[in-house]
Amino acid sequence: MNNFQYYNPVRIVFGEGQIKQLADLVPAKARVLITYGGGSAKRTGTLDEVKTALDNGGERQIFEFGGIEPNPEFTTLLKAADMVNEQNIDFILAVGGGSVIDGSKFVALVSHLKEEDGTVSREQAWDALTSYTKNIDSAVDLGAVLTIPATGSEMNSGGVINYSERQAKLPFGNPLAYPKFSILDPTKTLTLPERQVMNGVADAFVHVMEQYLTYPVNAKVQDAFAESLLKILITEGKAVKENPEDLEVRKNIMWTATMALNGLIGTGVPQDWTTHIIGHELTSLHSIDHARTLTIVLPSLMRELKDSKKDKLLQYARNVWNINNDDKQLSDDDVIETAIAYTEDFFKALDLPINLADADLDESAIEPIIKQLKAHGMTTLGEHKANDLEVSRRILQRAA
Ligand code: NZQ
Ligand code: ZN
């Protein structure tokens, strides 16, 4: 196990009916900007529930900013950042999924980057994003009400921002972006379309794989924890498809997705993230849902990198898929291919794509992705920093 520091200050408030806790969680005299997406927060009544809770016991001034897109758009977020300054906002409350929470984190980090005229500087905000926001030293306080379990954004300090004009979808991360608290009420997920429920399970699954499927460093806690999360997602992912109203299943999916990317299983171990980085370009170029880009890329990545990932692939086969080869009936390659095929079957059972053709794309989609990877400096990816453009190209060719 490698050296590490683990710090995560997010207070999690979990369970049905917990939105009312906002009355105690948001400072009583705060000037609060509630941010939300395209309309689900309003339609599902969650926004009203949030406002009622904020009205309770305090002299809070409430403002709203809606319209944060799935794959949150840089230019939209700058408008929210201007509103933070115009209304002297001192607390941002994100109500939504990864897009709203990521977007709100970015607003919290860049709203102080102002031009002379007081508007937020597009150039400075772009420079901040392209340098991963690591140089930002102040941010507006932020809280979250999660409405879709998927990204783990509710309990991490990162996010991903889209800038369509520049054909870019770029990650950022800064400890100042940790939410002060996140409310996880599983009943809020019951209104999700099945597609989004499946997306969430897949995104969480691949988050675990990015931090697990690398090479062994004798990290027994992280490995066992990661394998448990994967097995829960496999069983509960299929269960929620069968019984979408089962709140106990929803609770376990919600908590698993948070645990998949709150940093814990990633402590002291090598991490990959190649699948995500290629996936971001697929979303940016073809507007494919984030999670669905991952299920397209991962199986082909596993096949392309099966030599460098051999030890963990065999461990994954045994501990997650119970492929026991003690009698050596199967070759290691067969064991690995079986585990990859089981992974593909799992994605297909959730109606998720497993190759480019499932997303109506063919080989012609590959070179533009490689060009974007190069433009974004994504040329030495993976746990060994060895996945260059040629490797990314071969992964995509396998997925064609
Ligand atoms: O926009 P609204 O109307 O709210 O509708 C949303 C959106 O259309 C809808 N939705 C959310 N909660 C709902 C609901 N519909 C009905 N009932 C509810 N309770 O679902 C759609 C997808 O929402 P979105 O927030 O985009 O989904 P998700 O949580 O999967 O977030 C995806 C974004 O997160 C980024 C992705 O790149 C993508 O931009 N990620 C963030 C990460 C992080 N912060 O750590 C890591 C991830 O790997 C990922 O990259
Ligand atoms: Zn993801």
Inset, instruction - Name the single residue, out of those in segment 53-73 being out of contact with any Lys or Arg (no Cβ under 8 Å at 6 or more places or on another chain) and not aliphatic (A, V, I, L, M), that is nearest to I92 (Cα to Cα). - result: E64
Inset, instruction - Return yes when D90 is open to solvent by 60 Å² or more (accessible area, probe 1.4 Å) and charged (D, E, K, R) and no when it is not. - result: yes
Legend entry - Number of positions in segment 188-221 that are farther than 18 Å from V160 by Cα, of a type in the set (V, I, T) and within 14 Å of ligand 2 (Cβ to nearest atom): 1
Legend entry - Only one of V240, V197, V201, V249 that is under 28 Å from L47 (Cβ atoms), touching a Gly at 6+ places or on another chain (Cβ under 6 Å) and aliphatic (A, V, I, L, M): V201
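So that you can scan it fast, the table gives a plain yes or no per residue for (1) within 13 Å of ligand 1 (Cβ to nearest atom); (2) surrounded by fewer than 21 Cβ atoms within 10 Å (Cβ to Cβ):
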residue: A239; (1), (2): no, yes
residue: N252; (1), (2): no, yes
residue: I265; (1), (2): no, no
residue: E281; (1), (2): yes, no
residue: A291; (1), (2): yes, no
Legend entry - Matching entry among I161, I183 (being assigned to a strand (DSSP E or B), more than 14 Å from the chain's Cα centre (by Cα) and either within 16 Å of ligand 2 (Cβ to nearest atom) or touching a residue at least 12 places away in the same chain (Cβ under 8 Å) (or both)): I183
Inset, instruction - Answer yes or no: is there a residue in segment 365-380 that is within 19 Å of L233 (Cβ to Cβ) and part of a helix (DSSP H, G or I). - result: no
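A quick yes/no check of all residues on (1) under 16 Å from N199 (Cα atoms); (2) aromatic (F, W, Y); (3) more than 15 Å from the chain's Cα centre (by Cα):
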{"position": "R250", "(1), (2), (3)": "yes, no, yes"}
{"position": "T256", "(1), (2), (3)": "yes, no, no"}
{"position": "M259", "(1), (2), (3)": "no, no, no"}
{"position": "N262", "(1), (2), (3)": "no, no, no"}
{"position": "I265", "(1), (2), (3)": "no, no, no"}
{"position": "G268", "(1), (2), (3)": "no, no, yes"}
{"position": "W273", "(1), (2), (3)": "no, yes, no"}
{"position": "T283", "(1), (2), (3)": "yes, no, no"}
{"position": "S287", "(1), (2), (3)": "yes, no, yes"}
Legend entry - G39 under 21 Å from the mean Cα position of the chain (by Cα), within 16 Å of ligand 1 (Cβ to nearest atom) and modelled with pLDDT under 95: yes
Inset, instruction - Note down all Cβ pairs under 8 Å where the first residue falls in segment 28-45 and is among the hydrophobic types (A, V, I, L, M, F, W, C), the second is open to solvent by 50 Å² or more (accessible area, probe 1.4 Å) and part of a strand (DSSP E or B), and they're at least six residues apart or on different chains. - result: A30/Q61; V32/Q61; V32/I62; L33/E64; I34/I62; I34/E64
Legend entry - Selection within segment 355-395 - open to solvent by less than 60 Å² (accessible area, probe 1.4 Å) and among the β-branched types (V, I, T): I366, I369, I370, T379, V391, I395
Inset, instruction - State whether one or more residues within segment 321-331 are part of a helix (DSSP H, G or I) and either under 23 Å from the mean Cα position of the chain (by Cα) or of a type in the set (D, E) (or both). - result: no
Legend entry - Residue in segment 55-67 that is farthest from ligand 2 (Cβ to nearest atom), counting only those that are open to solvent by less than 60 Å² (accessible area, probe 1.4 Å) and either modelled with pLDDT under 95 or touching a strand residue (DSSP E or B) at 6+ places or on another chain (Cβ under 6 Å) (or both): G57
Inset, instruction - Please work out if L213 is touching a residue at least 24 places away in the same chain (Cβ under 8 Å), of a type outside the set (D, E, K, R) and open to solvent by 30 Å² or more (accessible area, probe 1.4 Å). - result: no
Inset, instruction - Restrict the check to segment 295-305 and report whether at least one residue is away from ligand 1 (no atom under 16 Å from the Cβ) and touching a Gly at 6+ places or on another chain (Cβ under 8 Å). - result: yes
Inset, instruction - Considering each of V201, V145, V208, V197 in turn, give the residue that is surrounded by 24 or more Cβ atoms within 10 Å (Cβ to Cβ), more than 9 Å from ligand 1 (Cβ to nearest atom) and free of Cβ contacts under 8 Å to residues at least 60 places away in the same chain. - result: V208
Legend entry - One residue from K169, K188 being crowded, with 24+ Cβ neighbours inside 10 Å, touching a residue at least 24 places away in the same chain (Cβ under 8 Å) and within 16 Å of the chain's Cα centre (by Cα): K169
Inset, instruction - With the checklist (1) within 23 Å of the chain's Cα centre (by Cα); (2) over 14 Å from I183 (Cβ atoms); (3) open to solvent by 70 Å² or more (accessible area, probe 1.4 Å) in hand, flag the one item R11 doesn't pass. - result: (2)
Inset, instruction - Go through segment 267-279 residue by residue and tally those that are open to solvent by less than 10 Å² (accessible area, probe 1.4 Å) and farther than 22 Å from D223 by Cα. - result: 2
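The values are calculated or read from the model by the stated rules, or taken from the named source; none is laboratory data. All values derive from a computational prediction rather than experimental measurement. FYI the Cβ positions are ideal-geometry reconstructions off the backbone, even for glycines, and counts take in every protein chain you see. Just so you know, the surface numbers come from the protein's heavy atoms only, side chains and all, with ligands and any DNA or RNA stripped out. Shrake-Rupley method; radii C 1.70, N 1.55, O 1.52, S 1.80 Å.
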